[in-house]
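A quick write-up on the structure given underneath.
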Amino acid sequence: MTDTGYNKAATVLGIVGTILWCIQLLPQIYTNFRRKSTDGLPHLMPLLWAYSGILFGIYFLVLRPNLPLMIQPEIFTFLCFVVWAQCLYYGSKFSFIKTVVVVSVVIAFSAGIQTAATMPLLNSSLCHNNGTTSTCWPLLLIGVLAAVLIFVGLVPPYFELWRRQGQVVGISFLFLAIDSSGAIFSLVSILLSGTGNGGNRTEEYLGMALYIIVPLMEAGIVLSHFVWWLRIGRHEQKSHSDVEMAGRVTDAAKN
């Protein structure tokens, strides 16, 4: 495949990944809204993910791999703040006005951080060197911190799993599926976007960390619930079914 072919494929896959990540958190947002609760969803998780998205936004805006991957972190960050707002409103029992004010202030502050960090890096010769050996160390550090925040944000759900004997409560499985799929498409997009282009790909390798960590950690959450179902869940379902059947038999005998 020619360089142009790889770039086109990378753009298409990046668009698919972006579309998936545009809707990834919508099932979680709907689940929270329907339940009127965020019980089981750690409140720290969406906030850490939001700041990871801000850092990855800086990272990709400076790196400029392709347009979909530059837009993707911004959408991701916005949806994370929506989920965090639900955590404040449903979980911490903030009033609606207080929730809007707190989240708006945090978003404005975060936007300021991203702008203040992006502009100098865009104009930095260190990050836009035509040579093939230089590494933009500030961008490298931002990529590392963003990947660390993604990982740390997925740790609190594991404490919830431990507390509930492995059962997943409050986290949408559809969200996990869409999120992981979007990460995989985006990972392949990055791989193809650098094929045949040469140059130093250190920054791109760091960017891949986001799309590798997410599916692995989320697969662990799904596996935990499956093991819980094998150990406990299916027996509880059988017990409930037996109780319901006994109740029907008793009602029939009375009639």
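The values are calculated or read from the model by the stated rules, or taken from the named source; none is laboratory data. A quick note: this is a predicted structure, and the numbers were derived from the prediction, not measured. All Cβ positions, even for glycine, are placed from backbone atoms using ideal geometry, and neighbour counts span all protein chains on display. The accessibility values were calculated without ligands, DNA or RNA, using every heavy atom of the protein model including side chains. Shrake-Rupley method; radii C 1.70, N 1.55, O 1.52, S 1.80 Å.
A compact table of results
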quantity	calculated
Low-density loop cleavage sites - trypsin sites (Lys or Arg not before Pro) in region 2-55, where at most 14 other Cβ are within 10 Å (DSSP)	Lys36
Nitroxide proxy distance, nm - points 7 Å out along Cα→Cβ at Val148 and Ile113	1.3 nm
Calculated FRET value between Ser104 and Phe33, using beta carbons and R₀ = 22 Å, to 0.05	0.65
Anisotropy class of region 10-115 from Cα gyration tensor, a/c 1.5 cut	oblate
Cα shape, region 44-101, gyration tensor, a/c 1.5 rule	prolate
With every protein chain in place, region 147-189: carbon and sulfur % of accessible area (1.4 Å)	75 percent
Cα gyration tensor, region 19-66 - rounded (a/c under 1.5), prolate or oblate	oblate
Net lengthening on full extension, Gln165/Leu141 (0.36 nm per residue, minus Cα-Cα)	5.0 nm
